[in-house]
1. Using heavy-atom solvent-accessible surface (probe 1.4 Å) with all chains present, what is the largest-first order of Val86, Val116?
2. Report the local net charge at Lys43: Lys and Arg +1, Asp and Glu -1, summed over other residues whose C-beta lies under 11 Å from its C-beta.
3. Could you calculate the FRET efficiency of Phe57 with Lys100 from 1/(1 + (r/R0)^6), where r is the beta carbon distance between them and R0 is 22 Å, rounded to 0.05?
4. At q = 0.23, 0.24, 0.25, 0.26 Å⁻¹, work out log10 I(q)/I(0) for segment 70-140 with the Debye formula, treating every Cα as an identical point scatterer and leaving solvent out; two decimals please.
5. Provide the FRET efficiency to the nearest 0.05 for the Leu87-Lys43 pair, computing r from the beta carbons and using R0 = 25 Å.
6. Find, among the GluC sites (Glu not before Pro) in segment 88-140, those assigned to loop by DSSP (not H, G, I, E, B) with at most 14 other beta-carbon atoms within 10 angstrom.
Amino acid sequence: MEYKNIRTVFFAFWVVALGWLSGCKTANAPADANAEAATVQYKSMAPQRVDIRGSIFQSRYDQGQVMLEVEGFGSTPDSRYNRAYVLVLPTTQIVDPEGKTISLSELRQGQDVAIVLRGGGRGNFVGVGVARKVWLEQRL
């Protein structure tokens, strides 16, 4: 085989391989993994991008502060963590959907919240931190 033919066959092989690999990536990806999270609308005063947006899974009160376990609604680009353990101090600002400040004692299990953590929190998929601001949300 001549050098020109080898180069042509090699080039054709790489074009076919590249097309095959790029086709596999789009074929194996889920059709719409974030469909539910993207279509759910909230009545909230929170910014679009927060550290954790989800539902209060568990709440523990101790000595004037509350430890929340917040379970995210799935991986979305608007939320940094899928799950977070958040310490809410008495000085943390908590805002309801109408924009009014509410008390720490009004946080309940099952409520939808959006939280910004001090310093962005720690962790990759599970966040741990102290709440800077908490917004209660209502699903529309």
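The values are calculated or read from the model by the stated rules, or taken from the named source; none is laboratory data. Here the structure is a predicted model, which is why all the values come from computation and not from measurement. Note: ideal-geometry Cβ built from the backbone for every residue, glycine included; neighbour counts use all protein chains shown. For accessibility, only protein heavy atoms count, side chains too; no ligands or nucleic acids. Shrake-Rupley method; radii C 1.70, N 1.55, O 1.52, S 1.80 Å.
1. Val116, Val86
2. Neighbourhood net charge equals -3.
3. Once the sixth-power term is evaluated, E becomes 0.35.
4. -1.10, -1.19, -1.27, -1.34
5. According to the calculation, E is roughly 0.45.
6. Loop-located and lightly packed - Glu98.
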